[in-house]
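Here's the structure, in structure tokens; my notes come after.
The values are calculated or read from the model by the stated rules, or taken from the named source; none is laboratory data. Since this is a predicted model, take the numbers as computed values, not measurements. Ideal geometry is used to build each Cβ from the backbone, glycine not excepted, and the neighbour counts take in all protein chains shown.
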Amino acid sequence: MAAEMTERRRLILKLVIQEYIENPEPVGSETLTRKYGLTVSSATVRNELAALEDLGYLTHLHTSAGRVPTDAGYRYFVANLMERTPLSPTEQRTIRHQFYQVRSELDQWIQLAGAVLARTAQNASLVTSCAVY
């Protein structure tokens, strides 16, 4: 039977990724049950980790190692599990106004998009244009 994404698996994947982001080392079932107070046994968590691995969201380096997220796991996390923090109305207005000012100047839009993304995410950003044929 093919593995499916259940609510428990969603929670465990979210916890694995959060833990791995906080401490970039493979995450084991004991860590998850102890640190996050899961109401299931370590064996159950191990089974769920194996199912998440079958789904392609986690991997492990060797048999007794904890799991680490895959690219697919990170993508699932961002698309479905990550908490979204909406921009304040003031931030939204500012961004709309900035883009309104540059109107149809593509080069300025690209430069502004990078600056807005970097400021909003408080991180580096890279924005490129692509040709559509």
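Things to note:
- Count - residues of region 95-122 that are modelled with pLDDT of 85 or more and exposed (fewer than 10 other Cβ atoms within 10 Å of the Cβ): 2
- Sole exception among (1) modelled with pLDDT of 90 or more; (2) part of a loop (DSSP other than H, G, I, E, B) for residue 72, by number: (2)
- Restricting region 75-92 to residues that are aliphatic (A, V, I, L, M) and assigned to a helix (DSSP H, G or I), the residue that is surrounded by the fewest Cβ atoms within 10 Å (Cβ to Cβ) is 79.
Conditions (1) of a type outside the set (Gly, Ala, Ser); (2) free of Cβ contacts under 8 Å to residues at least 40 places away in the same chain, marked per residue:
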position	(1), (2)
20	yes, no
25	yes, no
35	yes, yes
79	no, yes
114	no, yes
121	no, yes
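- When region 93-124 is filtered for residues that are part of a helix (DSSP H, G or I), of a type in the set (S, T, N, Q) and within 23 Å of the chain's Cα centre (by Cα), only 120 remains.
- Failed condition for residue 58, given (1) surrounded by 11 or more Cβ atoms within 10 Å (Cβ to Cβ); (2) more than 21 Å from the chain's Cα centre (by Cα): (2)
- Residues that are touching a strand residue (DSSP E or B) at 6+ places or on another chain (Cβ under 7 Å) and among the aromatic types (Phe, Trp, Tyr) number at least 1 in the following helices (runs of 4 or more DSSP H) confined to region 1-57: 7-22.
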